[in-house]
Amino acid sequence: MKYTQGKYPLIKKESIAKEVYSFTILCPEVAEITKAGQFVHILPKGYTLRRPISICGIDKAKGTLRIVFEVRGDGTKELSETHTGELIDMIAPLGNGFTLSDDIKKIILIGGGIGTPPMLPLAQEFGENAIVITGFRNSSAVILQEDFKKTGAKTILCTDDGSTGIHGLVTAPLEEVLKSESVDLICACGPTPMLKAISNMADTFNVECQVSLEERMGCGIGACLVCACKVQKDGQEQMLHVCKDGPVFKSKEVVW
């Protein structure tokens, strides 16, 4: 796994929802080797533990990465107070991203809540050949819809309370799409119950599915056991690291 540790300037900062921020970081040598589905590990000022954040945008020409994160504690609160022009202490890119073969013609991308950002690079790659299904608690939590629309992908929005989009879970429109269209791959990121339901549906329709797991991490490079997860390969259960062996896994290999 090739990665770099350094301090990189924050060149653009936006608040895109309540307690949700978008950062664009100038890091040419990192952007050049980054793939969709990988993540960064950032050290907030005054803290000793880094925070893992999914990569939401990769611009190799401009040498930038985009991350979108939600304030969930003191560390991410401190990170959100970083000003444009300041340096961000970052290790990146980390983990194994999505595996995309050349024969993929139609892809479904599913994001739940703050698991939505890593779907954007895939939507940009597949454009009109992608169907993006996103789910949020309510209308105030919705993010990145315009970004997805700009890619040319078909977008389907769901909310738990029906305040915008479809009232319900992402699995309902997913089932409708799978019944009506031929799909080569499903990629998803979000809460574990959502990923499990998507995995079961992918099995039912015999469609390959890859999921990006969300787990607490310590080191981010596989040296500790904080983010261990159970998978089944070759008929045997194994304990792997989400940070090093993932965060993306074949859904049929994950022991839910």
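The values are calculated or read from the model by the stated rules, or taken from the named source; none is laboratory data. As the structure is a computational prediction, the values presented were derived from the model and not from experiment. Cβ: placed from backbone, ideal geometry, glycine included. Neighbour counts: every protein chain shown. Each accessible area value is taken on the protein alone, full model and side chains, heavy atoms only, with ligands, DNA and RNA left out. Shrake-Rupley method; radii C 1.70, N 1.55, O 1.52, S 1.80 Å.
In the list Leu195, Leu178, which residue meets the criterion of being under 16 Å from the mean Cα position of the chain (by Cα), crowded, with 18+ Cβ neighbours inside 10 Å and part of a helix (DSSP H, G or I)?
None of the others qualify; the one that does is Leu195.
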When the residues of region 1-48 are filtered to those that are assigned to a strand (DSSP E or B) and among the small types (Gly, Ala, Ser), which remaining residue is nearest to Pro117 (Cα to Cα)? Ser22
Give region 79-124 a look and list any residue that's assigned to a helix (DSSP H, G or I) and over 28 Å from Val177 (Cα atoms), or say none. Leu79, Ser80
Counting just the residues of region 198-218 that are under 16 Å from Glu253 (Cβ atoms) and at pLDDT below 95, which one comes out farthest from the chain's Cα centre (by Cα)? Glu215
Is it true that some residue in region 151-169 is surrounded by 15 or more Cβ atoms within 10 Å (Cβ to Cβ) and touching a residue at least 60 places away in the same chain (Cβ under 8 Å)? no
Condition (residue is open to solvent by 20 Å² or more (accessible area, probe 1.4 Å), more than 16 Å from the chain's Cα centre (by Cα) and not hydrophobic (A, V, I, L, M, F, W, C)) applied to region 107-125: is it met by at least one residue? no
Within region 222-237, restricting attention to residues that are in a strand (DSSP E or B) and open to solvent by 90 Å² or more (accessible area, probe 1.4 Å), which residue is modelled with the highest pLDDT? Glu237
Mind checking whether some residue in region 95-106 is at pLDDT below 95, more than 26 Å from Leu169 (Cβ to Cβ) and open to solvent by less than 10 Å² (accessible area, probe 1.4 Å)? yes
Would region 15-28 turn up any residue that is farther than 23 Å from Gln145 by Cα, in contact with a Gly (Cβ under 9 Å, 6 or more places away or on another chain) and open to solvent by less than 50 Å² (accessible area, probe 1.4 Å)? yes
Can you work out which of the residues in region 79-94 that are among the acidic types (Asp, Glu) and farther than 12 Å from Val40 by Cα is least open to solvent (accessible area, probe 1.4 Å)? Glu86
Is at least one residue of region 61-78 open to solvent by less than 40 Å² (accessible area, probe 1.4 Å), more than 28 Å from Lys2 (Cα to Cα), assigned to a strand (DSSP E or B) and in contact (Cβ under 8 Å) with a residue 12 or more places away in the chain? no
Whether any residue in region 74-81 is touching a Cys at 6+ places or on another chain (Cβ under 9 Å), under 24 Å from Ala141 (Cα atoms) and at pLDDT 95 or above is what I want to check. no
Of these, Lys244, Lys252, Lys179, Lys233, which one is under 16 Å from Asn96 (Cβ atoms) and without any contact (Cβ under 8 Å) to a residue 60 or more places away in the chain? Lys233
Is it true that Phe148 is open to solvent by less than 10 Å² (accessible area, probe 1.4 Å) and either in contact with a Leu (Cβ under 9 Å, 6 or more places away or on another chain) or farther than 29 Å from Leu65 by Cα (or both)? yes
